[in-house]
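K.L.:
Just dropping this structure here.
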Amino acid sequence: MEKRRRNAFGWAGVTLAAAAFLFSTGNRVTREVSQGSARLISVEQMLEVGDACRMPAAVSESGSLFAEFESTAYAADTLDVTRPPVRTIKDTYPIYSSVAVDPVRDEVILQDTNLFGIKIFNRTDNTPATSESTTPKRVIQGDQTHCEYNNGLTVDAKTGDIYSVAMDTEDNVLVFAGGSAGNVAPARILKTPHRNFASALDDEKGELYVTIQYPPKVVVYRKEASGTEQPLRVLEGPHTYLHDTHGLVLDFKRKLMFVGTWGNSSDPNVAGSGKFYPPSINVYPLGASGDVAPLRIIQGPKTQLDWAGGMTLDPETGNLWVAEDVGGSILVFKGTDEGDVSPSQIISGPKTGLNHPAGISFDAKNREVWVSNMGNSSASAFSVGANGDVAPIRTIRSAPLGRKSVKFGKPQAVAFDSKRDLYLVPN
């Protein structure tokens, strides 16, 4: 939700408030004055004397911090600051952006975008209300893993290999060998276009599907692709009606591909070409390539789609299950739906424990649907017939019951509200 929060927050507001933060936290601001305008050069922490801050010498002499700003500063005073912070605000619990179920090995795999790792649990784990958390059976985490802001988990049922895509800072798909644990390097790394989101495997054809948010497209590689290998085909172009591409799921029985879009659209080569379309789920032939129009589109206010995250599919019925992050719900559509249609099932309410559900995975063997929550460090299993405000069958928690995640994903600015004594952090 980076785009909305940036626009709503406003860079100008952040800049002004951040200036107030500098004044109120005991920092010295060195500025260079040229033709009546000031330029920020450096920030220095004021020397502490007991519980009070002692002003820098130049400010003490003038008696005014603003007078210091109006005087000529010295660029020679600018230094690289390497000292540790006075204190740090951080979330020490996982944030689960994605989930994949491995029914062959009876495992639930969760992508942690906060601590940069992958946690693997037993499928039958169920955290008691009296316990703070459930311990994973193994964890993939550390600098060798290349995990950062990852998402889009997929597991290879034959080998147990785990596929994880990088949403932002790294442009790749990571593949970890089945059974991997600890600070281990991926078995292979596939370089991809920037801003991945979801992945899916076609075992029959040996292909790997990946969605790219912007410019929007679906790229298809060999399943074993690595390095800088180029895709076999790409779905992209104005007729595809792809606008900010996210969720992805394949229906092999009916030879269909479902792709979720968020509606943000623009031509990167044309300034001022930005548009916003209603969020949608687009349906294409499974082998679609090039500038191909969707067979049909699910879109409109009745759908309740609003920046939906992951998607999964019941291979028996063809029903489509969607994790609705903003709405805090799970939406179920028939595989044949088209236009402005209401979901056939909606899982939502306090009993569900859903809190910013972002990932979803269908377990056809055990007839369960697993959902990962970014808002409370948990994942839950629901029956395929679940509807309304219903409790899950089981829940795996990695934080105390009732705890809400800070939901730091990628903070890009900070502001301090001196009137209310609050830090404002756009995520």
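K.L.:
What trypsin sites (Lys or Arg not before Pro) in region 133-186 are in a loop by DSSP, with at most 11 other Cβ atoms within 10 Å of the Cβ?
P.N.:
Lys158
K.L.:
Please report the orientation-averaged projected area of region 189-306, defined via the convex hull of its C-alpha atoms, in nm².
P.N.:
Reported value for the Cα convex hull: 7.7 nm².
K.L.:
What is the Cα radius of gyration of region 164-215 over 2.2 N^0.38 Å, N being its residue count?
P.N.:
Relative to the 2.2 N^0.38 Å estimate, region 164-215 comes out at 1.20.
K.L.:
Within 10 Å of each candidate Cβ there may be at most 10 other Cβ atoms; applying that plus a DSSP loop requirement, which trypsin sites (Lys or Arg not before Pro) in region 363-427 survive?
P.N.:
The qualifying sites are Lys419, Arg420.
K.L.:
Another question, if that's okay. Set the bar at 31 Å for Cα to Cα. Now go through Lys302/Lys404; Lys191/Lys302; Lys90/Lys334; Lys205/Lys410 and name every pair that lies beyond it.
P.N.:
Lys191/Lys302; Lys90/Lys334; Lys205/Lys410, as the Cα separations exceed 31 Å there.
K.L.:
May I pose another question? Taking all pairs of distinct Cα atoms, average 1/r, flip it, and tell me the Kirkwood hydrodynamic radius of region 232-284 in Å to one decimal place.
P.N.:
Taking every pair of different Cα atoms in region 232-284, averaging 1/r and inverting gives 12.2 Å.
K.L.:
Answer rounded, prolate or oblate for region 246-357, using the Cα gyration tensor with square roots of eigenvalues a ≥ b ≥ c: rounded when a/c is under 1.5, else prolate when a/b is larger than b/c, else oblate.
P.N.:
It comes out oblate by the Cα gyration axes.
Each value in this text was obtained by applying a stated rule to the coordinates, not by laboratory testing. Just so it is clear, the structure is predicted and the values come from calculations on it, not from any experiment. Note that we place each Cβ from the backbone using ideal geometry, even for glycine, and neighbour counts take in every protein chain shown.
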